[in-house]
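To keep things clear, I will list the structure first and then write my remarks on it.
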Amino acid sequence: MTHEPAVTHEPAPPMEPDPPSPDQAASSPDVQAARRQLALDTVGIAVSVAGFGLVFGLAARGAGYSPLEASAMSVFAFAGAAQFAAVGYVAAGLPWIPILVLTFVLNARHLLYSASLAPALRGQRRTTRAAMAHVLTDEAFALAAAHFHRLGRVDVTGYWIGAILGVFIPWNVATLAGVLLGGAIPDPTAFGLDVVFPAAMAGLAAGLVTGRRELAAAGSGAALGVLTSLAVGPSVGVIAGGLIGPLIGMVVPAGGLRLPEESDTTAHEIDIDRAMADVLSFGHARDDDPPSRDSP
Amino acid sequence: MSTQLVLLALLMLAVTYPSRAVPLLFPGVERLPTRALLYLRLVGPAVLASLAAANTFVIETPDGTWMPHVGVEAIGVLVCLGLTVWRRNLFLGLIAGVGLVAVARAMGLA
């Protein structure tokens, strides 16, 4: 999820001075204090991730996913909005190629997070960076950016704490719980569970509306989705709305609302602009700089 | 147990991972034109809104055609949407929207 200012960032210069060795880093009081704060932030994120992972599991079950298929989505794709969207596409009988195209464009925002972290992580081994990339989500980025900024340098262990303990494990455990729980309910519609998917989509879309352009894209996407679905079916309608809606949003003047964004897996408010600014500036942070944020 | 969608999950990994990894592994190659970045930013709200609206207001008839539909499901979705915007809390919105539909159905109102 991106804002206008974020797209204009250039990668920051390499961090300086060089970080201490891992042993020195782990034992220093400032690292321990920063990790304590990170742990607190991570708990809040993990609770939200687990709740939303449960909803994904229920929605996936409703669309006919087996537990293995739902878990495979959460382990491999590991992208909340795209996973939710895929539930709708699969249920609508959409061919896989359009699903993959839409997944790509939905997740392309990760380029910005990755680009923001790249200068700071340049000193890490390529295999480490490759592994870090797989768990780079909205939440992992926000947690890492705040932690690095508090610390004034990179802490790879801190990155793993946020990304793995805060997001990856809760998301996957909750997905499995949701899909198994959904299978144990004989008539999900009696509990209104058929509404989980469209309601979650509407809420996630609202979380992404931070300005006039996003509002126009969402509104026109919804209208086009309905009209085209009535004409030729939802499998075409959702693509038409998703791909033409942004074009309409682009012709609308920027400005208007300025609301905090929500992540795509937790509905947790995440100030991505600030996180971007944090991670791009932490290499120059002074010792007396205040913490960037107290909680995610 | 069905495993067909495991392949789809792997393909979704194949189209998602490059966005996450390329700038980290090859710094500098991620720069895109501003218009392209703007388009990508707007895809999220458009796709999600399109999915929500089509799943709420369009139903399939027994003869395989599609028709507009406004039922208690739409009210549930709008309640969720309203609470999400008002309280900035999607989880609360989901509980309220789904609960409303469940209660309406239990009372025979839908």
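The values are calculated or read from the model by the stated rules, or taken from the named source; none is laboratory data. Keep in mind the model is a prediction, meaning the values are calculated, not measured. Cβ placement follows ideal geometry from the backbone for every residue including glycine, while neighbour counts extend to all protein chains displayed. The accessibility values were calculated without ligands, DNA or RNA, using every heavy atom of the protein model including side chains. Shrake-Rupley method; radii C 1.70, N 1.55, O 1.52, S 1.80 Å.
Data overview
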| quantity | calculated |
| --- | --- |
| Residue within the range A:126-134 that is touching a residue at least 60 places away in the same chain (Cβ under 8 Å) and either within 10 Å of another protein chain (Cβ to nearest Cβ) or part of a helix (DSSP H, G or I) (or both) present | no |
| Odd one out for A:F141 among (1) open to solvent by 10 Å² or more (accessible area, probe 1.4 Å); (2) part of a helix (DSSP H, G or I) | (1) |
| The range A:200-219 residues that are more than 7 Å from chain B (Cβ to nearest Cβ), paired with ones that are open to solvent by 20 Å² or more (accessible area, probe 1.4 Å) (beta carbon under 6 Å, 6 or more apart) | A:T210/A:L259; A:G211/A:G256; A:G211/A:L257; A:R212/A:V252; A:R212/A:G255; A:R212/A:G256; A:A216/A:I248; A:A216/A:V252 |
| Residue within the range B:58-66 that is β-branched (V, I, T), more than 7 Å from chain A (Cβ to nearest Cβ), open to solvent by less than 30 Å² (accessible area, probe 1.4 Å) and over 16 Å from the mean Cα position of the chain (by Cα) present | yes |
| Residue selected from the range B:1-54 under the condition outside any helix (DSSP H, G or I) and open to solvent by less than 40 Å² (accessible area, probe 1.4 Å), by the criterion modelled with the lowest pLDDT | B:E30 |
| Residue list for the range A:54-82, restricted to those being facing another protein chain (nearest Cβ under 7 Å) and open to solvent by 30 Å² or more (accessible area, probe 1.4 Å) | A:L68, A:F76 |
| Pick from the range A:89-120, criterion touching a Ser or Thr at 6+ places or on another chain (Cβ under 8 Å) and at the interface with chain B (Cβ under 7 Å from one of its Cβ atoms), ranking: farthest from A:V154 (Cα to Cα) | A:T103 |
| Pair list, Cβ < 7 Å and 6+ apart or interchain, from the range B:87-110 residues that are at the interface with another protein chain (Cβ under 8 Å from one of its Cβ atoms) and within 11 Å of A:A199 (Cβ to Cβ) to residues that are open to solvent by less than 20 Å² (accessible area, probe 1.4 Å) and among the polar types (S, T, N, Q) | B:L90/B:T84; B:G93/B:T84 |
| Complete set of residues in the range A:93-104 that are on the phi < 0 side of the Ramachandran plot and surrounded by fewer than 21 Cβ atoms within 10 Å (Cβ to Cβ) | A:L94, A:P95, A:W96, A:I97, A:P98, A:L100, A:V101, A:F104 |
| Residue selected from the range A:153-186 under the condition aromatic (F, W, Y) and under 14 Å from A:S48 (Cα atoms), by the criterion surrounded by the fewest Cβ atoms within 10 Å (Cβ to Cβ) | A:F168 |
| Answer residue from the range B:44-81, given it is among the small types (G, A, S) and in contact (Cβ under 8 Å) with a residue 12 or more places away in the chain and is nearest to A:M201 (Cα to Cα) among those | B:A52 |
| Test: residue in the range A:138-151 that is touching a helix residue (DSSP H, G or I) at 6+ places or on another chain (Cβ under 6 Å), more than 13 Å from chain B (Cβ to nearest Cβ), of a type outside the set (S, T, N, Q) and under 27 Å from A:P246 (Cα atoms) | yes |
| Residue within the range B:24-45 that is within 15 Å of the chain's Cα centre (by Cα) and among the small types (G, A, S) present | yes |
| B:G71 at positive phi and more than 7 Å from every other protein chain (Cβ to nearest Cβ) | no |
| Only one of A:A146, A:A70, A:A163 that is within 25 Å of B:A54 (Cβ to Cβ) and not hydroxyl-bearing (S, T, Y) | A:A70 |
| All positions within the range A:116-132 that are closer than 23 Å to A:S74 by Cβ and surrounded by 24 or more Cβ atoms within 10 Å (Cβ to Cβ) | A:L117 |
| Residue that is within 30 Å of A:L247 (Cβ to Cβ) and either in a helix (DSSP H, G or I) or in contact with a helix residue (DSSP H, G or I) (Cβ under 8 Å, 6 or more places away or on another chain) (or both), where the choices are A:V90, A:V179, A:V173 | A:V90 |
